[in-house]
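J.: Here it is: the structure, laid out below.
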Amino acid sequence: MKLYDDILSEGVFLNLALQVALTEKWAEMYKDKGIGFYSMHPGWAETPGVAKSLPDFSKSLSGKLRSSQEGADTVIWLALQPKEKLNSGDFYFDRAQAPKHLLFAATQGSHSAIDSILQNLRSMAKLSS
């Protein structure tokens, strides 16, 4: 299926899975520092980035995707919530906690790469381990 191939070829699912895994890792690493980490999905929004990276997907769903404002709603909502109302390390969608891993999406394996990714980020930022 062309649409499915377009989505997977861009690494959308892998990118999101890694963001979720990094969020969980940071939440664990900094749990005693009073810092909260959260990940979210904006839903599929009609943006220039989606149009450029997934042109077939964008064209086939034109007019049916969320607006940029609708896509930004949850991240703005998260930023305005008192941390006591949120759970650090959780994943949010449409202003609510959502499942982090979808059946058959192979997202749970992303955790194995996290330590290596964190080490690379520290190296690029010239931070000690």
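The values are calculated or read from the model by the stated rules, or taken from the named source; none is laboratory data. Computed from a predicted model, the values in this text were never measured in an experiment. Every residue, glycine as well, gets a Cβ built from its backbone with ideal geometry; the counts of neighbours run over all protein chains shown. Protein only, heavy atoms only, side chains kept; ligands, DNA and RNA dropped before computing areas. Shrake-Rupley method; radii C 1.70, N 1.55, O 1.52, S 1.80 Å.
J.: Might you check whether a residue that is over 16 Å from the mean Cα position of the chain (by Cα), surrounded by 14 or more Cβ atoms within 10 Å (Cβ to Cβ) and at pLDDT 90 or above occurs anywhere in segment 92-99?
T.: The answer is no; no qualifying residue exists.
J.: Of a type in the set (A, V, I, L, M, F, W, C), modelled with pLDDT of 90 or more and either in a strand (DSSP E or B) or open to solvent by 80 Å² or more (accessible area, probe 1.4 Å) (or both): is that true of ALA72 in this structure?
T.: Judged against the criteria, ALA72 is not a match.
J.: It is to be established whether one or more residues within segment 102-118 are of a type in the set (D, E, K, R) and at pLDDT 95 or above.
T.: Within segment 102-118, not a single residue is of a type in the set (D, E, K, R) and at pLDDT 95 or above.
J.: Can you tell me how many residues in segment 15-41 are at pLDDT below 90 and polar (S, T, N, Q)?
T.: 2
J.: Which of the residues that make up segment 58-69 are open to solvent by 50 Å² or more (accessible area, probe 1.4 Å) and in a helix (DSSP H, G or I)?
T.: Result: LYS59, SER60, SER68, GLN69.
J.: Follow-up question, since we're still on this one. May I ask you to verify whether VAL12 is touching a Ser or Thr at 6+ places or on another chain (Cβ under 7 Å), at pLDDT below 90 and among the β-branched types (Val, Ile, Thr)?
T.: No; evaluated as a whole, the condition is false for this residue.
J.: Would you check if there is a residue in segment 42-57 being in a strand (DSSP E or B) and modelled with pLDDT under 90?
T.: Checking segment 42-57: at least one residue is in a strand (DSSP E or B) and modelled with pLDDT under 90.
J.: Oh, and also: Taking segment 30-48 on its own, how many of its residues are out of contact with any Phe, Trp or Tyr (no Cβ under 9 Å at 6 or more places or on another chain) and surrounded by 11 or more Cβ atoms within 10 Å (Cβ to Cβ)?
T.: 4
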